Amino acid sequence: MTALATATAAPAAAPASSDTILSVRDLRTQFFTRDGVVRAVDGVSFDLKRGETLCIVGESGCGKSVTALSILRLIPRGAGRIVGGSIKFEGTELTTLPEDQMRKIRGNRISMIFQEPMTSLNPVLTVGAQIAESLHIHQGLDRRAAWDRAVEMLSIVRIADPKRRAGEYPHQLSGGMRQRVMIAIALACNPKVLIADEPTTALDVTIQAQILNLMLELKERLGTAIVLITHDLGVVAETAQRVIVMYAGRKAEEASVEELFRNPIHPYTRGLMGSIPRRTATGRRSNIRGRLQEISGIVPSLREEIPGCAFAPRCSYAVDRCRTEQPPLDPHGPYHLAACWEAARVAATPR
Amino acid sequence: MTAYIIRRLLATIPVMIVVALFVFFLLHLTPGDPAAVIAGDDATPTEIEGVRRKLGLDRPVWEQFGIYVWGLLNGDLGTSIFSNLPVTTLVAQRLEPSLVLALSTLLVAVVFAIPMGVVAAWKARTAVDRIVMGFSVIGFAVPVFLVGYLLIYVFAIELRWLPVQGYRPLSQGIDQTARSIVLPAFALGMVYMALIARITRASMLEVLSEDYIRTAHAKGVATRSVLLRHALKNAAVPIVTVIGIGLALLISGVVITETVFNIPGLGRLTVDAILKRDYPIIQGLIILFAGVKVMVNLMIDISYTFFDPRIRY
């Protein structure tokens, strides 16, 4: 994103106020591989307000997870790093914070839940010990008190018979229960921000809804703001207040949920929506040919610098300018940003 | 668990029977008449006959085997041909130095190798990692006796910190024993240090790339605790396995080390018995070593359950 784009984006997006708990500006995270530099996150900005749910959507490899890991500075050393931009949490700049200070934020003020509940818990420690560990580190609870609180957290995430379960190992629990344990770990210290990276993707559909509802309910109870990363627009519609659509490490579109679903502007967002199976009131698929629409082409390699719009090679609206000049995030209404040169023409085309 | 241990102990019986059979026929498989071999090159036929009767070699083979096994079951490993002392007595006399040497070696190896491996994995592909791995290559490549003589030269002859050779039994005070065993333990421990450090690094590297390590970081766990509490316990099974294998291999290393450092242990007993063709001693020692290996294996298998709750017997 150019400096100009950031400047345009800032006033249209919720302005950084006391209401804003997390503020990301022009974040750039790169990985250094043998084949060259991968620009996984290439100038992303957004604000998160206290207690709200913000969704980040996009295909695999669009930089969603890297954005999340960057916020907690969990990008593996040696593999990649944040090369530019700013992340402010309650006014504290995280990108330059010393590691020991950062550690006090992780799992305490900002927590994270990962995609794979089967592998995200330590197999040789009891789940109770894994929850208690956070409480011990951040709240200084002694062994006994931390354990009692861990058992309590298990009952809060609605695991039956929490006393017994606390003493069990992850392999004795189902996938859904393990994700509940992850939530218990994440929320144990009442964090201000919860980053959930595809928390339900690896779960059965029936369990997905339970886990999402649990997260949202606890969010209300604790006043935690959630950054929910997903590729599932169904999840977005059910959970979020605001949505950011990411493509190839950049922000393509940002709007409130209602606005985005009613009036998607970016051709990529439209493509995403075309690829959800939908049913009309009569039970027939709404697509004309009765088939799901796919977005043709593949996600571009992030190894080369993309001069224009990253979506241009796959976009049916693309004109020459799209390939040479990066589109700024322009406002399209009170709170609606989209990075598309041809937005007017796209909007004129019925979906 | 108890049932498993009992089952495993019962399973050692056939193993030990096979070992006993092998050991017994060792004598009969040697070329020529065992009695003549034992009696020596210039023995008269009467002397050979005497040896034969003494060893019970004039009886049918199956009867001899029966007598041998019966003896084993009663804790009788036979009698030395040359010293006429029971093998058990000879072993008991030599057991302490070897046991002290083996355990000290293992202790030295584990205490140095595991931190080395952990640090190397943590600092993978840095100078620290390269130094540790370089040391590991040297540890593998340099033979025990060379390390032994080098250590003697530097620490005993030049610096005069430690005795050159010999062994002080525990009855003379543990500090004396420790002084006499430090150099042999390091000399013998070098190769195990190299082996254990290497496996620790490899196992830790694998574990450190796991999702739950990222979870631990995301919880705000300090690096030290991530390495020791979260990673090392997960990496333990291959490490313990290698330590166990090392313990079994140690027996051959003990022979050389005891020779270099002039320690009157089982290694020296073995070498002397082989040179003198004192078959009962050789047989007894083979049985003893086989028994130790079987027990070490069992202990290793049981220790897995301590490190990994998913392993249940």
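Can you compute log10 of I(q)/I(0) for chain B with the Debye formula, treating each Cα as one identical point scatterer, at q = 0.07, 0.09 Å⁻¹?
-0.38, -0.61
How far is the Cα center of segment B:135-164 from the Cα center of segment A:209-232, in Å?
Centre-to-centre distance over Cα atoms comes out at 63 Å.
What relative contact order, as a whole-number percentage, does chain A give when Cα pairs under 8 Å and 6 or more residues apart are counted?
Relative contact order comes out at 21 percent.
How much net charge surrounds B:Ala194 when only the other residues with a Cβ under 15 Å from the Cβ of B:Ala194 are counted, with Lys and Arg +1 and Asp and Glu -1?
Around B:Ala194, the surrounding residues sum to +2.
In segment B:167-214, which residues give up 20 Å² or more of accessible area once the other protein chains are added, compared with their chain alone (1.4 Å probe)?
B:Asp211, B:Tyr212, B:Arg214
Please give the Cα centre distance for segment A:42-91 versus segment B:38-55, rounded to the nearest Å.
If you average the Cα positions of each part, the centres end up 88 Å apart.
Counting only heavy atoms of protein chains, what accessible area per residue, in Å², does segment B:2-73 have with a probe of 1.4 Å?
I get 66 Å² per residue for segment B:2-73.
Within a 10 angstrom radius of each residue's Cβ in A:110-123, how many Cβ atoms of other chains show up on average? Whole number is fine.
Average per residue, whole number: 4.
Per 5 Å bin, what is the whole-percent P(r) computed from every C-alpha pair distance within segment B:1-82?
Computed distribution, short to long bins: 3, 12, 19, 21, 15, 10, 6, 5, 4, 2, 1, 0.
Summed for both chains, how many Å² of accessible area, to the nearest 100, are buried between B and A with a 1.4 Å probe?
Between B and A, the summed buried area is about 2100 Å².
Hey, if you put +1 on the Cβ of every Lys and Arg and -1 on every Asp and Glu Cβ in the protein assembly as shown, which of B:Gly40, B:Val147, B:Pro60 ends up farthest toward the positive end of that dipole?
Of the listed residues, the answer is B:Val147.
What's the local net charge at A:Ser111, with K and R +1, D and E -1, over the other residues with C-beta under 12 Å away?
+4
Per 10 Å bin, what is the whole-percent P(r) computed from every C-alpha pair distance within the protein assembly as shown?
All Cα pairs, binned at 10 Å, distribute as 3, 12, 18, 17, 14, 11, 9, 8, 5, 3, 1, 0 percent.
Using a probe of 1.4 angstrom, how much of the accessible area of the protein assembly as shown is carbon and sulfur, in percent?
Carbon and sulfur: 60 percent of the exposed surface of the protein assembly as shown.
To the nearest 10 square angstrom, what accessible area does B:Lys233 show with a 1.4 Å probe?
Probe radius 1.4 Å; accessible area of B:Lys233 about 60 Å².
Can you pull the semi-axes for segment B:184-295, root of five times each eigenvalue of the Cα gyration tensor, sorted largest first, whole Å?
Ellipsoid semi-axes (Å, largest first): 42, 14, 9.
Is the shape of segment A:67-133 best called rounded, prolate or oblate, per the rule: a/c under 1.5 gives rounded, else a/b larger than b/c gives prolate, else oblate, with a ≥ b ≥ c the square roots of the Cα gyration tensor eigenvalues?
It is prolate, given that a/c is not under 1.5 and a/b is the larger ratio.
Could you work out the mean projected area of the convex hull around the alpha carbons of segment B:140-246, in square nanometres to one decimal?
9.3
List the trypsin sites (Lys or Arg not before Pro) within segment A:47-139 that fall in a DSSP loop (any state other than H, G, I, E or B) and whose Cβ has at most 12 other Cβ atoms within 10 Å.
Passing sites in segment A:47-139 are A:Arg77.
Which residue, B:Thr126, B:Trp161, B:Ala92, has the largest displacement toward the positive end of the dipole of segment B:91-307 when charges sit on each Cβ (Lys, Arg +1; Asp, Glu -1)?
Of the listed residues, the answer is B:Thr126.
So which aspartates and glutamates pass the test for B:Lys293, namely a Cα distance under 19 Å, with those fewer than 8 places away in the same chain ruled out?
Within the straight-line limit of under 19 Å, B:Lys293 reaches these aspartates and glutamates: B:Glu96, B:Asp301.
So for chain B, averaging the separation of alpha carbon pairs under 8 Å that are six or more residues apart and normalising by length, what relative contact order in percent results?
In percent, rounded to a whole number, it is 25.
Equivalent-ellipsoid semi-axes (√(5λ), Cα gyration tensor) for segment A:95-249, whole Å, largest first?
24, 20, 14
In terms of Cα to Cα distance under 24 Å, which lysines are near enough to B:Lys54, apart from those fewer than 8 places away along the same chain?
B:Lys54 reaches B:Lys276.
Using only alpha-carbon positions, what ratio does the radius of gyration of chain A give when scaled by 2.2 N^0.38 Å?
In units of the globular-protein estimate, chain A measures up at 1.02.
Averaged across the residues of B:228-239, what count of C-beta atoms belonging to other chains lies within 10 Å of each residue's C-beta?
Mean partner shielding for this stretch: 2.
Please work out the Cα center distance from segment B:254-311 to segment A:125-154, rounded to the nearest Å.
46
Which residue, A:Asp35, A:Asp161, A:Asp26, tops the fluctuation ranking in a GNM of chain A built on C-alpha contacts under 10 Å?
A:Asp35
Mind putting a number on the dipole of the protein assembly as shown about its Cα centre? Charges go on the C-beta only, +1 for Lys and Arg and -1 for Asp and Glu, and I need it in Debye to the nearest 20.
The calculated dipole for the protein assembly as shown is roughly 1420 debye.
Might you report the magnitude of the Cβ-based charge dipole of segment B:91-307 about its Cα centre, with Lys and Arg at +1 and Asp and Glu at -1, to the nearest 20 debye?
My answer is approximately 380 debye.
May I ask which of A:Lys88/A:Lys192; A:Lys64/A:Lys104; A:Lys88/A:Lys251; A:Lys192/B:Lys233; A:Lys163/A:Lys219 have a Cα-Cα span longer than 22 Å here?
The answer is A:Lys64/A:Lys104; A:Lys192/B:Lys233; A:Lys163/A:Lys219.
For segment B:150-232, state which chymotrypsin sites (Phe, Trp or Tyr not before Pro) are in a DSSP loop and have at most 11 other beta carbons lying within 10 Å of their beta carbon.
Answer in residue order: B:Trp161.
GNM, chain B, Cα, under 10 Å: largest mean-square fluctuation among B:Met193, B:Met116, B:Met133?
Residue with maximal mean-square fluctuation among B:Met193, B:Met116, B:Met133: B:Met133.
Taking only protein heavy atoms into account and a 1.4 Å probe, give the accessible area per residue of segment B:91-307 in Å².
Result: 46 Å² per residue.
Quick one: ranking A:Phe114, A:Phe31 by accessible area, 1.4 Å probe, largest first, what do you get?
These residues rank, largest area first, as A:Phe31, A:Phe114.
The values are calculated or read from the model by the stated rules, or taken from the named source; none is laboratory data. The structure displayed is predicted, hence computed values, not measured ones. Reconstructed Cβ throughout: ideal geometry from the backbone, glycine too, with neighbour counts over all protein chains shown. Heavy atoms of the whole protein, side chains included, go into the accessibility calculation; ligands, DNA and RNA do not. Shrake-Rupley method; radii C 1.70, N 1.55, O 1.52, S 1.80 Å.
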